[in-house]
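> Quick one: the structure is below, and I'll ask about it shortly.
Every read-out reported here was derived from the displayed coordinates using simple, explicitly stated rules and does not represent laboratory data. Computed from a prediction, not measured in an experiment: that's the story for all the values here. For neighbour counting, all protein chains shown are included, and Cβ atoms are generated from backbone atoms with ideal geometry for every residue, glycine included.
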Amino acid sequence: MGLSTNLKQELETLYQARGPVPASLRASDARGLMLRIEVVTIDLLGCAVSELELFVPTLQSAAFDVLKQWADALSQRITYLLEQIGPLEFDEAAGQVLIRSVSPDQLPDGAQYYEILLSQRGSGTFLLKRYKSTKGQSGRTPVEMLLTREVILKLVDDLEATVP
């Protein structure tokens with residue numbers, strides 16, 4: 001079974017049981033990929049998610065160019081989030097690539113944007129979060145991503161399909 005099939009079952013079980021939420025759902029596959037998704041709320045159609053993380057053991061020993069190519073592939077394939085994403089920073093010394101919303105969602109008091117960090121460190125990870133920045137204030141605040149179950153499962157399928 002693939003990650004999205006496992007995750008679909010986990011989401012349905014969480015919904016049918018009416019929680020408890022927040023919940024940390026996990027799924028894995030035969031290749032050693034391990035998915036973790038932090039679900040804040042869930043209903044029939046979707047979820048509020050604070051983060052989605054995919055552990056990719058093969059990234060630990062991969063060349064940095066592999067990470068850059070994955071960032072490009074993800075940016076071209078994941079076109080269904082609120083904003084288009086694209087690579088922003090490449091840090092070869094740290095073994096990390098930062099992907100962000102190309103045009104953040106502009107709000108009257110600031111902006112919201114997606115951020116994806118690809119890293120060779122640890123067990124090799126893909127980490128997706130959403131942030132809000134407020135005009136006139138330094139820093140940023142994590143915000144929940146409101147995603148339908150269909151979008152979550154498509155995202156997981158796209159991650160699996162593009163893993164180097």
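> For LYS68, give me every one of the aspartates and glutamates with a C-alpha distance below 15 angstrom, ignoring sequence neighbours fewer than eight places off in its own chain.
The qualifying aspartates and glutamates are GLU89, ASP91, GLU92.
> Next up: Along the charge dipole of the range 1-151, pointing to its positive end and built from +1/-1 on Cβ of Lys, Arg, Asp and Glu, which listed residue (ILE42, SER61, SER75) has its Cα farthest out?
ILE42
> Please report, to two decimal places, log10 I(q)/I(0) for the range 1-108 at q = 0.18, 0.22 Å⁻¹ as given by the Debye formula with identical point scatterers on the Cα atoms and no solvent.
Calculated log10 I(q)/I(0) at the listed q: -1.08, -1.24.
> How big is the convex hull of the Cα atoms of the range 31-164, per residue, in Å³?
Values: hull volume 15.2 nm³, N = 134.
Here the figure is 114 Å³ per residue.
> Along the range 22-33, what does the Karplus equation 6.51 cos²θ - 1.76 cosθ + 1.60 (θ = phi - 60°) give for ³J(HN,Hα), rounded to whole Hz, x for Gly and Pro?
Whole-Hz 3J(HN,Hα) from phi for the range 22-33: x, 9, 9, 9, 10, 8, 9, 9, 5, 7, x, 5.
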